[in-house]
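Have a look at the structure below, then the notes.
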Amino acid sequence: MTVYNGLPSYGDLFSRKDDPLELHNLWNDENYSEIRNKLIEKIFHENLNAQSRYPKRLAMS
């Protein structure tokens, strides 16, 4: 799955099993909407986990 910054309603979602050449984008296919939403949530949480839990220091005291 691929999501694009600035294009919230567009992305790429392919079935690696049924479409190994990635010719048929399933992003807007209602049959895959639950899978798409679960993957978006997973990416969101992985992104949060990759960030520092503390604010970036801007000045020394």
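The numbers here are math on the coordinates, done by the rules we state, and not lab data. The structure displayed is predicted, hence computed values, not measured ones. Positions of Cβ are backbone-derived with ideal geometry, glycine not excepted, and every protein chain shown enters the neighbour counts.
Filtering segment 1-36 to residues that are in contact with a Phe, Trp or Tyr (Cβ under 7 Å, 6 or more places away or on another chain) and of a type in the set (D, E, K, R) leaves Asp12, Glu22, Arg36.
Residue under question is Leu23, and the condition is that it be aliphatic (A, V, I, L, M) and either surrounded by 10 or more Cβ atoms within 10 Å (Cβ to Cβ) or in a loop (DSSP other than H, G, I, E, B) (or both); does it hold? Spelling it out, Leu23 is indeed aliphatic (A, V, I, L, M) and either surrounded by 10 or more Cβ atoms within 10 Å (Cβ to Cβ) or in a loop (DSSP other than H, G, I, E, B) (or both). Going by the structure shown, is Tyr32 surrounded by 12 or more Cβ atoms within 10 Å (Cβ to Cβ) and aromatic (Phe, Trp, Tyr)? It is true that Tyr32 is surrounded by 12 or more Cβ atoms within 10 Å (Cβ to Cβ) and aromatic (Phe, Trp, Tyr).
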